[in-house]
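Asks: Got a structure for you, written out below as structure tokens; questions coming shortly.
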Amino acid sequence: SVTTSNGQLAGTGLLDLIDSFREDPEIGFPMQSQFMNFLLRGARRGTFYLRSGGTGSGKSRLSFADTICASVPWLWNLKKKQWEHTGCSIPALIITTELTIKEVQSIVAAYVSGIEEDKITDGKYNEEEYERLKQASAYIESSPLYIEYLPNFDLDDVIDLIKKYYREKQIDLVNFDYLHTSIK
């Protein structure tokens, strides 16, 4: 059997590549961390990011925040105490395998509004925070951010779901939370 090679001399076409970056810089969607944006140049198309950590270390919330930053164009700025327009409205899908849709929605509402999730889920917010939550809900509702709950899955289910959302909603970003074995 013959193996085909896809190699080339490192300099072949290099100047054309460099020139192409002037027209179309290699920068991805914004992430919630300025450091991660600097380090990774944002969440770039065609790339795979895997966040790992111990139980309860905030992996899901951090990855959801990255997805929200790319998909919801308005976020509450805690320092300035005002809404900030990010200009990003990338169609995105969060596939959750353990958290219910309501649990993900409360995380999204907390991140967008800047109000602690516990305050939201305990119903312990004041009138100003409630008004902010209403505005956050409107921003989220008008954003192309989708959530699917997929507790029992195999690889084909995940692929089919992503293809469906790509075809029907033109998603550019997928957040899969998270890798584990299921009965299926």
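The values are calculated or read from the model by the stated rules, or taken from the named source; none is laboratory data. Nothing here was measured: the structure is a model prediction, and the numbers come from that model. FYI the Cβ positions are ideal-geometry reconstructions off the backbone, even for glycines, and counts take in every protein chain you see. SASA here: full protein model, heavy atoms, side chains in, ligands and nucleic acids out. Shrake-Rupley method; radii C 1.70, N 1.55, O 1.52, S 1.80 Å.
Asks: Using +1 at the Cβ of each Lys and Arg and -1 at the Cβ of each Asp and Glu in the chain, identify which of SER89, TYR166, LEU75 lies farthest towards the dipole's positive end.
Replies: LEU75
Asks: OK, next. Using 0.36 nm per residue of separation minus the Cα-Cα distance, give me the extension gain between LEU150 and LYS81 in nm, one decimal.
Replies: Residue separation times 0.36 nm, minus the Cα-Cα distance, leaves 21.2 nm.
Asks: Rounded to the nearest 500, what is the 222 nm mean residue ellipticity of the chain from helices alone, with -39500 (n - 2.57) per DSSP H run of 4+ residues and division by all residues?
Replies: -13000 deg cm²/dmol
Asks: What's the whole-number percent of alpha carbon pairs in segment 73-125 lying beyond 18 angstrom?
Replies: Value for segment 73-125: 43 percent of Cα pairs lie more than 18 Å apart.
Asks: Using the alpha carbons of segment 39-109, what is the convex hull volume per residue in cubic angstrom, as a whole number?
Replies: Cα-based convex hull of segment 39-109, divided per residue, equals 135 Å³.
Asks: Here's a follow-up. Express the relative contact order of segment 52-184 as a whole percentage, based on alpha carbon pairs under 8 Å and six or more residues apart in sequence.
Replies: Relative contact order here is 35 percent.
Asks: Once amide H atoms are placed 1.01 Å from N in the peptide plane, what residues at a sequence separation of 5 or more from ASN175, or on another chain, have their amide H within under 5 Å of its amide H?
Replies: Hits under the 5 Å cutoff: LEU93, ILE94, ILE95.
Asks: Measuring from label point to label point, each 7 Å out along Cα→Cβ, what is the ASP122 to GLU103 span in nm?
Replies: For the pair ASP122/GLU103, the computed spacing is 2.0 nm.
Asks: Pick from LYS79, LYS119, LYS59: which residue has the top mean-square fluctuation in a GNM of the chain where Cα pairs under 10 Å get a spring?
Replies: Comparing LYS79, LYS119, LYS59 in the GNM, the peak value goes to LYS79.
Asks: Considering only the other residues whose Cβ falls under 15 Å of the Cβ of PHE38, what net charge follows from Lys and Arg at +1 and Asp and Glu at -1?
Replies: Spelling it out: positives minus negatives among the neighbours equals 0.
Asks: How far apart, in nm, are the 7 Å Cα→Cβ label points at GLU26 and LYS134?
Replies: 4.8 nm
Asks: If you count only protein heavy atoms with a 1.4 Å probe, what accessible area per residue comes out for segment 97-184, rounded to a whole Å²?
Replies: Solvent-accessible surface per residue comes out at 64 Å².
Asks: Rounding to the nearest 10 and keeping the result within 0 to 90°, find how far the Cα-based axis of helix 101-113 lies from the longest principal axis of the chain.
Replies: It works out to around 80 degrees.
Asks: Ok, one more. Could you give the angle, 0 to 90 degrees to the nearest 10, between helix 14-23's Cα long axis and the longest principal axis of the Cα atoms of the chain?
Replies: That helix lies at roughly 30 degrees to the long axis.
Asks: A further question follows. Assigning unit charges at the beta carbon (Lys, Arg +1; Asp, Glu -1) and nothing else, what dipole magnitude in debye, to the nearest 20, does the chain show about its Cα centre?
Replies: Dipole size: approximately 240 debye.
Asks: Now, a different point. Which three extents, in whole angstrom, do the alpha-carbon atoms of segment 104-178 cover along their principal axes, largest first?
Replies: 45, 24, 12
Asks: Top to bottom by accessible area (1.4 Å), largest first, where do PHE176, PHE64, PHE21 land?
Replies: PHE21, PHE176, PHE64
Asks: If one takes the longest principal axis of the Cα atoms in the chain, at what angle in degrees, from 0 to 90 and to the nearest 10, does the Cα axis of helix 59-71 lie?
Replies: Result, in degrees: 80.
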